[in-house]
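Encoded as structure tokens, the structure appears first; notes follow it.
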Amino acid sequence: MHVALTHNLKREDAGEDGSNGSGKPALLDIRSDVAHTGSAPQVKIPPLIDTFAEWDSVETITAVKSALERRHTVSLVEADRLAFEKLATLKPDFVFNMAEGWGGPSREAQIPVLLELLEIPYTGSDPLTLCICLDKSRTKEVLFAHGIPTPPFTVVSVKDELHDVHLNYPLIVKPLYEGSSKGIFDSSVVRTPQQIEIEALRVIESYRQPALIEEFLPGREFTVALLGNGKHLRVLPIIESKFDHLPSHASPINSFEAKWVWDTIDRPMDVLDCPANISPLLQRDIENLCRRVFNVLRCRDWCRIDLRLDAQGVPNILEVNPIPGVLPNPQEHSFFPTAAAAAGLSYDDMINAVVSAALARYKPSSVQ
């Protein structure tokens, strides 16, 4: 079968103007921008420091391509403005979609919309689910409507709306339409109105989107990877994020610094427990909750769900990622491959299991 791998290549080689030659800003090497203040490093945050945090490196794209080539012929398709023409000309039998898209709350749906227009089957969730899940407030509204626990929140688009924030401290401030901890820094956990204003305006001005402000839950944090559909939906071993190895004054969150600055390949930290050391009852509750979320949001084939325990020990959904990251190096602590490995799946088997799950959704006559 001829499979096209749709992706966005992370730009890391900035020119003098900070672009990659196409006029788009390049990802800065933020490790050079870390200043040590006491025992807790603080990141100097220049504009667009994490612009391409969700896009994939050459290493990741090559690893996924290699996995697919075990069973298929593979072509690479960059998810840029020429993607429609490329896909229409290439006419692949199937698409493995890992493209995050470019700009706005609908960016993850860009490639799936084109594929549906071209009637090409593909992996992963449909455009509607991708748009809902990328908008954290819309995700939470759907969850609330179904009685699924998620932290109380509000959305702020302009400074004047900060006067209407009536939530219990501490709070956490996030960009509304991002993932991979983009825009979530150590300073994002706030405890005063002044801190809320600083962080909310940073998000609004730097990321040109509203800020989600939600109550920060005090309990343990978990990530759950799901693979498959319907009665074949599989919950992979639960991951717990460990924050005791972060700098002493750091907030206990998966911040941009925690993921990309403090925990590096050169200096890996012991940041994940998989399988998580939890009681059978809590494991059952988390697994059942994540299955329910997967189905309520109509996710397909695979998904990663982040959740945290509240003060009463009840799991609350933080966010849902229908296009999970799949960094191939185990020392990079990518959540989905970590859970897959704990389930006994090799990297290649994990990628091809996603394809198998997607193919099973289509009629045999649709894909040869």
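Rule-based calculations on the coordinates, nothing more; no lab input. As the structure is a computational prediction, the values presented were derived from the model and not from experiment. Note: ideal-geometry Cβ built from the backbone for every residue, glycine included; neighbour counts use all protein chains shown.
Straight-line cross-link reach from Lys259 at under 13 Å between alpha-carbon atoms covers these aspartates and glutamates, not counting any fewer than eight positions away in the same chain: Asp50, Glu54, Asp186, Asp270, Glu332. Distance between the modelled labels on His163 and Val113, one decimal in nanometres: 3.7 nm (7 Å Cα→Cβ projection). The relative contact order of segment 2-361 comes to 18 percent, based on Cα pairs under 8 Å that sit 6 or more residues apart. Rounded to the nearest 0.05, the FRET efficiency derived from the C-beta distance between Leu128 and His245 at R0 = 30 Å is 0.15. Backbone N atoms of segment 110-131 closer than 18 Å to the 7 Å Cα→Cβ label point of Ala88 belong to residues 110-121. Convex hull over the Cα atoms of segment 156-244, averaged projected area in nm²? Dividing the Cα hull surface by four gives the mean projection, 7.6 nm². Rounded to the nearest 20 debye, the dipole magnitude of segment 184-291 is 460 debye, with +1 charges on Lys and Arg beta carbons, -1 on Asp and Glu beta carbons, and the Cα centre as origin. Computed from phi, the 3J(HN,Hα) profile of segment 114-127 under the Karplus parametrisation 6.51, -1.76, 1.60 (θ = phi - 60°) reads 4, 5, 5, 4, 8, 6, 10, x, 8, 7, x, 6, 7, x Hz, with x in place of Gly and Pro. Set the Cα radius of gyration of segment 2-361 against 2.2 N^0.38 Å, with N its number of residues, and you get 0.96. Projected onto its three principal axes, the C-alpha set of segment 229-355 covers 44, 39, 24 Å, listed from the longest axis down. A Cβ-based charge dipole, computed about the Cα centre of segment 262-344 with Lys and Arg at +1 and Asp and Glu at -1, lands at about 420 debye.
Taking the DSSP beta bridges in segment 2-361 as the whole, what percent of them are antiparallel, to the nearest 5? Close to 75 percent.
Stretching Arg234 away from Leu282 to a fully extended chain increases their span by 15.6 nm, per 0.36 nm per residue minus the current alpha-carbon distance.
Distance between the 7 Å Cα→Cβ label points at Gln331 and Ile198: 3.5 nm. Charge dipole (Cα centre; +1 on Lys/Arg Cβ, -1 on Asp/Glu Cβ; no other charges) of segment 308-368 amounts to roughly 260 debye. When each of the peptides 148-159, 337-348, 298-309 is scored by how many other beta carbons lie within 10 Å of its residues on average, the order from highest to lowest is 298-309, 337-348, 148-159. Here the simple spin-label model places points 7 Å from the Cα toward Cβ, and for Arg292 and Thr73 these points are separated by 4.8 nm. Which values of log₁₀ I(q)/I(0), to two decimal places, follow from the Debye formula for segment 98-157 at q = 0.17, 0.20, 0.28 Å⁻¹ with a uniform point scatterer at every Cα? Treating every Cα as an identical point scatterer, log10 I(q)/I(0) equals -0.65, -0.79, -1.11.
Restriction of the GluC sites (Glu not before Pro) in segment 49-124 to DSSP coil positions whose beta-carbon has at most 14 other beta-carbons within 10 angstrom yields Glu69, Glu119. Along the positive direction of the dipole of segment 2-361 (beta-carbon charges: Lys, Arg +1; Asp, Glu -1; about the Cα centre), which of Ile148, Asn277, Val320 reaches farthest? Of Ile148, Asn277, Val320, it is Ile148.
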